[in-house]
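Notes follow the structure.
The values are calculated or read from the model by the stated rules, or taken from the named source; none is laboratory data. Not measured: the values here are computed from a predicted model. Backbone-built Cβ (ideal geometry, glycine too); neighbour counts: all protein chains shown. Keep in mind that these areas ignore ligands, DNA and RNA; they rest on the heavy atoms of the full protein, side chains included. Shrake-Rupley method; radii C 1.70, N 1.55, O 1.52, S 1.80 Å.
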Amino acid sequence: MREVWFVPFVNPDGYVANQGLRNKVIRKNRRPTCRSSKNGGVDLNRNFGVHWSSGFDGCNEEHGGKQPFSEPETQALKTICEDNSFKTAMNFHAYGSMLTHPYNWANTDLLPAEDKAVYKEIARVFGFKKFGTAIQTVGYTTTGESDDWMYSARHIISMSPEVGPESGGFWPPRSEIAGINSRNFDRTSYVVLKAGMELMVEGAYQRLEEFLQKGPRPPGLDDLVGGIPESLLQIRISNLGLSSSVGKVLHVGIQGVAVGTPGDGGLLLQDGKTQQLFAANGIISFQVGTIEKRSSRTVWIIPARSWQAGTLLTCVAEAASGSRVCHCSSSGREIYALPDSTISGSSKLCAAALGVQGFTTAEPIAEVPGVAQTRIPATTGFATTAPFFQIASGTTRLPFSLGQEKLMESSSLPGDLSQDTMIEDTVSATWLLLALGITFVGMFLCLFMQSYVVPRAVARRAPTALDYERIPGLQVSRVEEDSDDLGFSPHA
């Protein structure tokens, strides 16, 4: 559920003027600001109304115009942004294999912690080695920059990927264009995903006895057929995106908590309520409330003893305005599925989540005190480890059967530790202390050598092609951008 806008040419006159040129690159628009037509024009990425500067004359490569938004091109972008409620924006630049974000006018990173976490998640997926503000990536600050205005004036998570390898310059060889396009299509797809609801599903078993020590006893627990199980499953459904989920509820289908169709029911605990769960064809389904942006909801599933655990697969569906599409986990990536109970796999799991053709959701029993949504701390963000489309953490193999559970949580377990475990912990602690000692020695040497380092002036202009060849700090390995080894493959 996304609306995506494309602006194919921000500088159409400059694009036409560049056709047929190989040795000279025209970066500015074609407004006559200089006696030399080649050097005239306004740098459109210096013409936006945040920290705009008049310090560059009409012949300078960074001339920002007579005033902010003096150019029809930037006025058009301003109107588009003001007439819509965009969540994200990508202002594509060439070249350099890096990602820049606000504030590009500043000498330090001034972003609030929550937005900084969002940019870090995007950078982790993009795979560029260089990432940050202009001063952090290219070594100089910029004025009147598009990302700074979009972020400051409209709170759009805006960024500028510098696509293409350094070696290709503004005119990369034809042989490299297909790879550049494929990689940046995947990067763009992720930013589009981030603009709406981006799901991450995590599951972990924990001991039921420990859980009951922290709160009231759920109604119906003592009535479970076969007795009380030893463990329960904690499911956290997180929204890493920049928009709240659509509709009043989310429909959830999980496969792998139970195998087959056992007749005994389990329990679902969420938002202070207890519901009875039954599995059908190895699938359980239920609903959760709306998940706000950058928030999560947690549910607990108490399985019946007759249930047998398998590999967890999850589908979550937004259902509003007649649209029924599921986000499902598959092979480390998020895929979309339409509900169809006659087809195995994600489509069938989607049908179960939405209650299509005989699948039913959980039935309420009673209410108990509970907790609703949890806001994810902005200082930590989300520990996304999968390379792309991060709902796939729901595909976790559970290496145990109920009754002989091994906890998948990192929390400490009760009971005595074995002697081997204690020895391993001692060795680990020794290595940790040694590593800390080496780190402190290195920090001391760095501080001591600072007095011998000659400071270098910061450039106040955009780097030229000659700068990229002469300055090692601006160079990125050609192999890194030209290869497909960026943590994901567009054809996987």
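Just a few scattered comments:
A quick yes/no check of all residues on (1) buried (at least 20 other Cβ atoms within 10 Å of the Cβ); (2) free of Cβ contacts under 8 Å to residues at least 60 places away in the same chain; (3) under 30 Å from residue 167 (Cβ atoms):
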| position | (1), (2), (3) |
| --- | --- |
| 29 | yes, yes, yes |
| 32 | no, yes, no |
| 45 | yes, no, yes |
| 54 | no, yes, no |
| 71 | yes, yes, no |
| 82 | no, no, no |
| 92 | no, no, yes |
| 104 | yes, yes, yes |
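- Number of positions in segment 218-237 that are open to solvent by 10 Å² or more (accessible area, probe 1.4 Å), out of contact with any Lys or Arg (no Cβ under 8 Å at 6 or more places or on another chain) and either under 30 Å from residue 121 (Cα atoms) or without any contact (Cβ under 8 Å) to a residue 12 or more places away in the chain (or both): 3
- In segment 1-24, residue nearest to the chain's Cα centre (by Cα) [restricted to those that are buried (at least 16 other Cβ atoms within 10 Å of the Cβ) and hydrophobic (A, V, I, L, M, F, W, C)]: 10
- Annotation: residue 296 fulfils all but one of (1) in contact (Cβ under 8 Å) with a residue 12 or more places away in the chain; (2) out of contact with any strand residue (DSSP E or B) (no Cβ under 6 Å at 6 or more places or on another chain); the unmet one is (2).
- Failed criterion for residue 252 (all others in (1) in contact with a helix residue (DSSP H, G or I) (Cβ under 9 Å, 6 or more places away or on another chain); (2) open to solvent by 10 Å² or more (accessible area, probe 1.4 Å) hold): (2)
- Failed condition for residue 240, given (1) of a type in the set (A, V, I, L, M); (2) crowded, with 23+ Cβ neighbours inside 10 Å; (3) closer than 26 Å to residue 344 by Cα: (3)
- Members of segment 17-27 that are under 24 Å from residue 160 (Cα atoms) and hydrophobic (A, V, I, L, M, F, W, C): 17, 25, 26
- Residue 296 meets the stated requirement of being open to solvent by less than 40 Å² (accessible area, probe 1.4 Å) and either in contact with a Lys or Arg (Cβ under 6 Å, 6 or more places away or on another chain) or among the acidic types (Asp, Glu) (or both).
- Meets criteria (within 19 Å of residue 170 (Cβ to Cβ) and in contact (Cβ under 8 Å) with a residue 40 or more places away in the chain) for residue 62: yes
- Some residue of segment 34-46 being basic (Lys, Arg), part of a loop (DSSP other than H, G, I, E, B) and out of contact with any Phe, Trp or Tyr (no Cβ under 8 Å at 6 or more places or on another chain): yes
- Among the residues of segment 123-143, at least one is over 26 Å from residue 316 (Cα atoms), at pLDDT below 90, open to solvent by 40 Å² or more (accessible area, probe 1.4 Å) and in contact with a strand residue (DSSP E or B) (Cβ under 9 Å, 6 or more places away or on another chain).
- Every listed requirement among (1) hydrophobic (A, V, I, L, M, F, W, C); (2) over 20 Å from the mean Cα position of the chain (by Cα); (3) buried (at least 22 other Cβ atoms within 10 Å of the Cβ) is met by residue 150 save one, (2).
- From the list 162, 202, 166, the one residue that fits, being of a type in the set (Asp, Glu) and closer than 28 Å to residue 79 by Cα, is 162.
- Residue in segment 243-252 that is within 17 Å of residue 326 (Cβ to Cβ), hydrophobic (A, V, I, L, M, F, W, C) and assigned to a loop (DSSP other than H, G, I, E, B) present: yes
- Members of segment 169-184 found to be over 21 Å from residue 120 (Cβ atoms), assigned to a helix (DSSP H, G or I) and touching a strand residue (DSSP E or B) at 6+ places or on another chain (Cβ under 8 Å), listed by number: 180
- The set of residues in segment 51-72 being under 18 Å from residue 134 (Cα atoms) and of a type in the set (Gly, Ala, Ser) consists of 53, 64.
- Taken together, 64, 55 contain a single residue that is closer than 20 Å to residue 144 by Cβ, in contact with a helix residue (DSSP H, G or I) (Cβ under 7 Å, 6 or more places away or on another chain), part of a loop (DSSP other than H, G, I, E, B) and small (Gly, Ala, Ser), which is 64.
- Any hit, segment 309-328, residues being surrounded by fewer than 19 Cβ atoms within 10 Å (Cβ to Cβ) and within 22 Å of the chain's Cα centre (by Cα): yes
- Residues (closer than 15 Å to residue 316 by Cα and open to solvent by less than 30 Å² (accessible area, probe 1.4 Å)) located in segment 188-211: 193, 196, 197, 198, 199, 200, 201, 203
- Of all residues in segment 56-69 being of a type outside the set (A, V, I, L, M, F, W, C) and over 37 Å from the mean Cα position of the chain (by Cα), the one that is surrounded by the most Cβ atoms within 10 Å (Cβ to Cβ): 58
- Among the residues making up segment 165-187, those that are surrounded by 17 or more Cβ atoms within 10 Å (Cβ to Cβ) and at pLDDT 90 or above are 179, 180, 183, 184, 186, 187.
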